[in-house]
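Read the structure below first, then the notes.
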Amino acid sequence: MANHTTATAPCIGAAESAARADGSSSFRAVAAEVFRRYGRNWKSSTAKVNRSCLRSQLLPRFEARSIATISPADVQEWFASLGRTPAAANRALAVLSVILEQAETYGLRPDGSNPCRGVRRYAERRCDRFLNDEEFRRLGAALRLAEVEDPLAAALVRLLILTGCRQSEIRTLRWRAYREGHLHLADGKSGPRTVWLSSPARRLLDGLPRNGPFAFPASRREGPMCTETLYRFWRPLRQAAGLPGLRLHDLRHSYASFALRRGEAVPTIGRLLGHRDPTTTLRYTHLDDGAVREAAALVGSSLAG
């Protein structure tokens with residue numbers, strides 16, 4: 001998470017009203033002001049996660065503390081207590097760093113005093129996986145059975161497989177974004193991007209009913225299909241396919257790996273996935289043992305003459 005600062009006057013409104021007699025301000029009040037003002041830079045999904053971090057990880061430790069007195073030792077001790085949940089700890093540290101960085105901008109801490117600087121993040125165990133050809137076939141067979149009960153959710157999962165998009169990009173897809181055979185996503189994770197659709201993906205979309213602004217609408221309210229509805233469909237589907245640990249996001253990894261096995265270059269795959277940094281694409285591309293054995297045999301035969 002980037003710690004951008006903004007040219008803001010030292011006066012901070014609500015946080016200033018919570019100032020103590022000695023001129024300091026409580027962590028809770030400053031955090032509330034940071035979320036109100038700086039939080040406008042976050043997407044709504046990011047803001048929701050960050051607020052959860054604030055409630056569950058930060059306020060229990062720092063709520064009543066003066067923002068000016070939080071030291072590197074305080075941060076190190078707090079961070080060490082979260083070692084059992086490394087991913088959540090790293091996220092919470094990033095949120096804390098933003099709050100303390102903004103406190104400097106507000107004139108509540110000396111410049112350059114952010115005690116989160118230099119704290120070494122936890123190594124996070126990667127749980128990415130990708131489907132091989134046989135697993136793709138099993139998932140396809142399970143989808144054909146499941147779509148009898150819920151054709152819309154099945155179509156959504158199929159489109160994830162066919163595009164490599166994030167579930168939020170497809171789940172909230174508006175019909176106006178589908179034009180000229182492409183998806184024009186205005187609010188992707190890395191900014192606006194165009195998704196190039198294959199013929200099967202276009203046929204799938206063209207076959208869906210258009211009963212409102214969303215391609216995958218909620219059944220009992222206005223708006224897109226909710227995340228829990230999608231996961232209620234996904235959990236039994238992956239069980240039926242014999243893939244109990246498979247995540248929806250793994251379909252994105254599988255799309256990239258499939259493209260790589262078919263000879264697509266990493267920069268091309270990066271464009272398909274909407275990556276700006278090629279190193280990000282490299283994390284999404286995997287080869288199974290069979291593909292590696294085949295490549296080794298091919299190279300060996302060529303070199304042997």
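The values are calculated or read from the model by the stated rules, or taken from the named source; none is laboratory data. Keep in mind it's a predicted model, so treat the numbers as computed, not measured. Positions of Cβ are generated from backbone atoms using ideal geometry, with glycine treated the same way; all protein chains shown enter the neighbour counts. In case anyone asks, the SASA skips ligands and DNA or RNA and just uses the protein heavy atoms, side chains included. Shrake-Rupley method; radii C 1.70, N 1.55, O 1.52, S 1.80 Å.
Taking amide H positions as placed in the peptide plane 1.01 Å from N, state which residues far from Arg117 in sequence (5 or more) or on other chains have amide H under 5 Å from it.
none
Do me a favour and compute the ellipsoid semi-axes for the range 54-129 from its Cα gyration tensor, root of five times each eigenvalue, largest one first, whole Å.
After diagonalising the Cα gyration tensor, the semi-axes are 24, 13, 11 Å.
Read phi for every residue in the range 180-185 and hand back ³J(HN,Hα) as whole Hz from Karplus 6.51 cos²θ - 1.76 cosθ + 1.60, θ = phi - 60°, with x for Gly and Pro.
After applying 6.51 cos²θ - 1.76 cosθ + 1.60, I find 6, x, 10, 9, 9, 8 Hz.
With a Förster radius of 45 Å, plug the Cβ-Cβ distance of His182 and Thr85 into 1/(1 + (r/R0)^6) and report the FRET value to the nearest 0.05. Intermediate values should be presented prior to the final figure.
Details: r = 40 Å, r/R0 = 0.88.
For R0 = 45 Å, the calculated efficiency reads 0.70.
Give the calculated FRET efficiency between Cys226 and Ser56 to the nearest 0.05, with a Förster radius of 30 Å applied to their Cβ-Cβ distance.
0.85
Highest mean first, what order results for 47-56, 167-176 on Cβ atoms within 10 Å?
Answer by packing, highest mean first, reads 167-176, 47-56.
Excluding ligands and nucleic acids, what accessible area in Å² is computed for Tyr178 using a 1.4 Å probe, to the nearest 10?
30
Compute the Cα gyration tensor for the range 119-158, then decide on rounded, prolate or oblate, letting a ≥ b ≥ c be the square roots of its eigenvalues: rounded whenever a/c is under 1.5, prolate when a/b is larger than b/c in the other cases, and oblate in all that remain.
Cα axes put the range 119-158 in the oblate bin.
Which shape class, rounded, prolate or oblate, goes with the range 179-256 when its Cα gyration tensor gives a ≥ b ≥ c as root eigenvalues, a/c under 1.5 marks rounded, and past that a/b bigger than b/c marks prolate? Mind dumping the intermediate values first?
Values: a/c = 1.65, a/b = 1.24, b/c = 1.33.
Since a/c reaches 1.5 but b/c is at least a/b, the shape of the range 179-256 is classed as oblate.
If contacts are Cα pairs under 8 angstrom and at least 6 residues apart, what is the relative contact order of the range 181-234 in percent?
In percent, rounded to a whole number, it is 18.
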